[in-house]
Amino acid sequence: MSIPSLRQESATDNGVQPPPIHRLSDDLLASIVSEVLKVTNTAELLISPTHPLINATHVSHSWRRVLLDSALLWTDIRIVTPSPVPPPQHDPKEGDCVVDVEVLRSQWTRQMKVLPELVTTWINRSSTCPISLFLNMHAPLSRYASPETREIIWPYYVSTLSAICNASSKWKDVTLHISLDSPDLSQAASLIHGLQSSDVPLLEALSMRLSSASGGGDTRHIPTSANGIQMGSALLSLRIPYTECRWEDYHANWSALTSLEVLGFTLETSGTAPGTPAKRMGLLEVLALLRACPNLVKLSMQINRRHPVDTEEELSAAQPVELPRLRTLVFSMGGLPPWAHLACYLVLPALRELQFHSDVDMYALKHWVSVFGKGLTSVRLVLGRDVSTEDVEEILDRLPNVRSLRCMTESCAVGTDALVLRTLTPKYTPGGYVVGTCRCPKLENILYAQRDQIPESTILDFVESRRNVASSGVAMLEEVYTWSGQTDALTSDLEAELRKRGVNTGGLSITMAPHLRNRLY
């Protein structure tokens, strides 16, 4: 694509040319603004009177004309309702928060009053282009806002939500996270669940969560209509929050989906006795759900194991499920580790990426990599405290084609620090030929993290062994990123140290990050 030529403008009456920025062609100006928006901090792109696009339209008449005529610039609509909680102010004597409710009410009302108008402005300026929408709507009540304040504010919430729903025919990629109190939640749910599949002909991706701000989950606000927006004819990607219903009752166009994220279903019924564990999805329910989604390319699941567990008789009657197009399988954080024997019921010929975001018992992890490891090119692992050298060797031996590895470990036993890195460090001759076994020979990039300090010498030995290899079939390492919970400061320039060892660092990215204070995953 050629860069549009600059607009040729005549000199002004005094012979002075306008500044170059005002001599750009319309297409080039719109392209520059578009690129700037792509690298702008997300927080600055929330709809507001100070949004970069609004500011840009006030630069000059020509800029305003160009930007208002560039509908694609207005198709990214990000809305977060103002927080009712102001910056804390503390009484130096009492130590309590001192809030001027009248000031709060005035500020909050002013912010909410302009929001429906701004949303409508973006929608109108996007013309007929499909829009991407992100909405995070908070409850309009807090310890600082009285019911009277809510009566003033709530109509603006309704106007904002109505403007969004009225533009549903242009929805393409939509995230709706709404957390409200009753009866506000019911009113919001009626607006959204009142839309039909025919109202969203362009909708391709949907993440929808309607929950009570005071707790209680999404029980009463799941899509109950068999013809709601989650049944849109163009829908390919669906994210389902943790939901209290059977998966069959969450009406969706399962067979058309190529991407599915499920945070769990609870099958608890109203007759469950107090204190009795909720009945959750078992292996059979998971298999049934996957069987309904034959075209998945990416699947992310949070396993919440069923109570009671599936019986041997039920499992013996289960049939395998084939997902011929599935390339990425993610077991997300927060649920229990996946069953080892779930792998036995899945036929995934195209699987290339496998991610575990929670600690998996060693038996299950070994089983999964034994079934699918040979075809994987990208793996994410979380290893527990009891991991041994033999465990790591067995797992890595079963990943011969992995190119990208992300591995997180908790504190390990004495003598096993940076165990994965040391296991991946092959011995080699002065000429660069591997002696013995080189595990994960195709490895090109690695992210490794552990709570205990990672010795710099271990990192240097690992990188050197993977950069100086001359053996055929062994890839050259390109990127290394390590995190350590005990590293306060870097004591050396790792690349300089590698060069001292005679390592070619051209094209190598190496980072040793300090201060890993929280959980590694």
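Under the simplified labelling scheme, the residue 113-residue 43 pair shows an inter-label distance of 2.7 nm, with each label point 7 Å from Cα along Cα→Cβ. Shown in residue order for the range 189-206 are the 3J(HN,Hα) couplings computed by the Karplus curve 6.51 cos²θ - 1.76 cosθ + 1.60 at θ = phi - 60°: 5, 5, 5, 6, 6, x, 6, 10, 4, 5, 7, 10, x, 9, 5, 10, 9, 9 Hz (x for Gly and Pro). Legend: residues 151, 244, sorted from most to least accessible area (1.4 Å probe; ligands, DNA and RNA excluded), read 151, 244. Solvent-accessible surface (1.4 Å probe) assigned to residue 396 amounts to roughly 10 Å². Accessible-area rank, largest first, for 79, 123: 123, 79, with all protein chains present and a 1.4 angstrom probe.
The values are calculated or read from the model by the stated rules, or taken from the named source; none is laboratory data. Please read these numbers as outputs of a predicted model, since none were measured by experiment. Virtual Cβ from ideal backbone geometry, glycine too; neighbours counted across all protein chains shown. Remember, those area values only see protein heavy atoms, side chains included, never the ligands or the DNA or RNA. Shrake-Rupley method; radii C 1.70, N 1.55, O 1.52, S 1.80 Å.
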